[in-house]
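All remarks here apply to the structure that follows.
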Amino acid sequence: MLEAFETAGVRGVLHRPLAANGDAFALTHGAGSNANAPLLARMAAALAEAGYLVLRYDLPFRIARPKGPPFPAQAPMDRAGIARAVDALRKLTPGRVFAGGHSYGGRQTAMAAAENSELSAGLLLLSYPLHPPHKPEQVRTSFFPDLRTPALFVQGTADPFATVEELRAAVTMIPARTDVFVVAGAGHDLKNAPAAAADILERLRALVCYPGE
């Protein structure tokens with residue numbers, strides 16, 4: 001079941017599962033999109049079908065402007081918006097809250113988690129923009145050594161923002177448990193990732209849950 005969601009500076013769409021498992025996901029969009037991005041909508045639907053309450057939401061820069069990219073100087077405001085979205089979702093579910101997003105949204109979510117290790121139980125990072133296309137020297141990993149939240153990176157083999165090999169090498173800087181889920185043939189838009197939602201969830205649960213839990 002879908003419903004519009006807006007409260008305390010958080011705006012998005014809530015996916016309520018028919019058979020809730022008590023856990024939830026807060027997912028946000030990339031720099032050129034919004035909460036209605038096809039990838040987010042399809043991924044949220046797949047996660048809700050698996051029993052998760054899912055909020056796909058707009059970052060503050062998108063709430064302020066319907067079009068255009070985020071301004072780098074306002075990235076801290078986007079991270080504050082991520083924290084608000086997670087807090088709002090936490091009030092709706094008794095279980096764990098996972099956070100993540102696509103490209104810029106995933107990057108800012110990971111940065112927010114590095115700033116606050118209590119932000120979420122785990123991260124789902126779709127097409128992490130490791131570097132700008134054709135500029136592998138401009139890596140976006142300065143916060144990786146401070147990230148202590150388990151993180152699953154979902155990466156397409158045709159993504160110009162990072163090869164799978166580059167990403168696997170970069171995540172070794174992260175002290176938390178990490179994994180890279182590869183989507184063969186996918187570009188930065190990860191169009192076919194929602195079809196692998198069950199496998200993605202299995203890999204994320206393996207990061208978050210220790211043996212015996």
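The values are calculated or read from the model by the stated rules, or taken from the named source; none is laboratory data. This structure is a prediction, so every number in the text was calculated from the model and none was measured. Using ideal geometry, Cβ is built from the backbone for each residue, glycine included, and neighbour counts are taken over all protein chains shown.
Laid out as a table, the results:
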read-out: Criterion violated by residue 155 - all others in (1) within 16 Å of the chain's Cα centre (by Cα); (2) within 19 Å of residue 112 (Cα to Cα) satisfied; value: (2)
read-out: Sole residue being over 19 Å from residue 5 (Cβ atoms) and buried (at least 19 other Cβ atoms within 10 Å of the Cβ), chosen from 62, 56, 79; value: 79
read-out: Some residue of the range 88-96 being surrounded by fewer than 15 Cβ atoms within 10 Å (Cβ to Cβ) and under 17 Å from residue 110 (Cα atoms); value: no
read-out: Output for the range 115-130, where each listed residue is surrounded by fewer than 20 Cβ atoms within 10 Å (Cβ to Cβ) and touching a residue at least 12 places away in the same chain (Cβ under 8 Å); value: 115, 116, 117, 121
read-out: Scope the range 146-174; condition touching a Pro at 6+ places or on another chain (Cβ under 7 Å) and surrounded by fewer than 19 Cβ atoms within 10 Å (Cβ to Cβ); matching residues; value: 148, 160, 166, 173
read-out: Verdict on residue 85 being out of contact with any Cys (no Cβ under 8 Å at 6 or more places or on another chain), surrounded by fewer than 20 Cβ atoms within 10 Å (Cβ to Cβ), of a type in the set (A, V, I, L, M) and at pLDDT 95 or above; value: no
read-out: Residue within the range 167-175 that is part of a loop (DSSP other than H, G, I, E, B) and at pLDDT 95 or above present; value: yes
read-out: Wholly within the range 1-60, strands (runs of 3 or more DSSP E) carrying at least 1 residues that are at pLDDT below 95 and not small (Gly, Ala, Ser); value: 2-7
read-out: Failed item, numbered, when residue 51 is tested on (1) in contact with a Lys or Arg (Cβ under 8 Å, 6 or more places away or on another chain); (2) within 16 Å of residue 201 (Cβ to Cβ); (3) surrounded by fewer than 24 Cβ atoms within 10 Å (Cβ to Cβ); value: (1)
read-out: Which numbered condition residue 135 fails, given (1) surrounded by fewer than 23 Cβ atoms within 10 Å (Cβ to Cβ); (2) farther than 23 Å from residue 8 by Cβ; (3) touching a residue at least 40 places away in the same chain (Cβ under 8 Å); value: (3)
read-out: Members of the range 102-134 that are aromatic (Phe, Trp, Tyr) and either in a helix (DSSP H, G or I) or in contact with a Cys (Cβ under 8 Å, 6 or more places away or on another chain) (or both); value: 104
read-out: Number of positions in the range 51-62 that are out of contact with any helix residue (DSSP H, G or I) (no Cβ under 6 Å at 6 or more places or on another chain), over 16 Å from residue 108 (Cα atoms) and not hydroxyl-bearing (Ser, Thr, Tyr); value: 2
